1. Explain nothing, just the number: relative contact order of the range 17-71, from Cα pairs under 8 Å at least 6 residues apart, as a whole percent.
2. So, with +1 on the Cβ of K and R and -1 on the Cβ of D and E, and no other charges, what is the size of the charge dipole of the chain about its Cα centre, to the nearest 20 debye?
3. Relative contact order, percent, of the chain when contacts are C-alpha pairs under 8 Å separated by at least 6 residues?
4. If packing is taken as the average number of other Cβ atoms within 10 Å across a peptide's residues, how do 199-206, 174-181, 22-29 rank, most packed first?
5. Which angle between 0 and 90 degrees, to the nearest 10, do you get for helix 192-204 versus the longest principal axis of the chain when only C-alpha atoms count?
6. Just going by the charge dipole of the chain, with Lys and Arg at +1 and Asp and Glu at -1 on Cβ, which of 91, 200, 156 is farthest out on the positive end?
7. Which ³J(HN,Hα) values, rounded to whole Hz and listed in residue order, are derived for the range 89-96 from phi using the Karplus coefficients 6.51, -1.76 and 1.60 in 6.51 cos²θ - 1.76 cosθ + 1.60 with θ = phi - 60°, glycine and proline given as x?
8. Can you work out the Karplus-derived ³J(HN,Hα) for every residue in the range 168-180? Use 6.51 cos²θ - 1.76 cosθ + 1.60 with θ = phi - 60°, whole Hz, and x for glycine or proline.
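Nothing in this text is a laboratory measurement; each read-out follows from the coordinates by a stated rule. In this text the structure is predicted, and so the values were computed from the model without any measurement. All Cβ positions, glycine included, derive from the backbone under ideal geometry; neighbour counts span all protein chains shown.
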Amino acid sequence: MGILLVEDEPNVVSVIKRGLADYGFEVSVAANGATGLQMALDNNFDLVILDVMLPVMDGIQVCKLIRQQKQSVPIIMLTALDSTENIVSGLDSGADDYLVKPFKIAELAARLRTLLRRKGGDMQTKTNVYTISNLELNVESKIAYRDKEPLKLTATEFRLLEYFIRNQKKVLSRIQILESVWDIDFNMGTNVVDVYVNYLRKKLEKNSTSKLIHTVFGMGYIMKEGEVDENTK
C-alpha cells in the first residue's frame, strides 16, 4: 500500500516509516505542508497521514485543499493537541480519523487498515478474479479453483489465500500475515500463521505437484510459481 506521510519531525518520520514497513506499507514522505499537498495531488496514494503542525502550510489547510480535488483518499491526522476543539477542527477539515501523539505504531497500523477497508468497501472492485499458475480465486463468489477443481477452504484459509494471491511475488513476514488476515496484534509466542499456511499448502498441493507457497527462511513466506532459490523451500 502506498502511504504519503506529511511530517516535519525527522525522528517521528523515522519511527513511522520503519514501523509501518513491518506491516507491509510503503511510505513516501513530505517535510512540509506545501510539498505534501503537491505530492498528494500529483500521485494516487492509497492513504495520507497528515500532521497538523507543519511548516509553510498547516495540516488543516492541506487537508481542506486535498478534499477539494480528491474526495475518496483516506486521511488520518496526527497531532499533539488532544482537545475536543482540535479534534473537531481536524475532522471538519475533511480528515477521516485523528490520532494523538504519542501513539503506538500498532495502533496507527490498525487505524490505517480500517480506513483502507472502508475505502475498499466504498469503491467498485477492480479485480474480482486473481490467478497464479493453475490457481484461480474469485473474491466475489469466495471460491478458489486449482486446475479447475474447487478447493474446500475454511473462511480463514480463504482469507489467507486471498492475502497471498493479492501479494504474490512479495515476501510476507509472519507479522504482516497475522495483522492482515487475523487483524490482531502479533504475539511472538503463537504459531497460528505457520499452522494455517501448512493447512493451506496441503489443500493446494493435494492434486498438484507444483508448489505455490514457499518458505523464505528467517523472513516469512512468498507465493510464486516456478523455481525457487536456495533461501526458500
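1. About 33 percent, as a whole number.
2. 940
3. Value for the chain: 13 percent.
4. Result, highest mean Cβ count within 10 Å first: 174-181, 22-29, 199-206.
5. The answer is roughly 50 degrees.
6. Of 91, 200, 156, it is 200.
7. Listing the rounded values in order: 4, x, 5, 5, 6, x, 6, 8 Hz.
8. My calculation for the range 168-180 gives 4, 6, 10, 6, 10, 6, 4, 5, 4, 5, 5, 5, 7 Hz in order.
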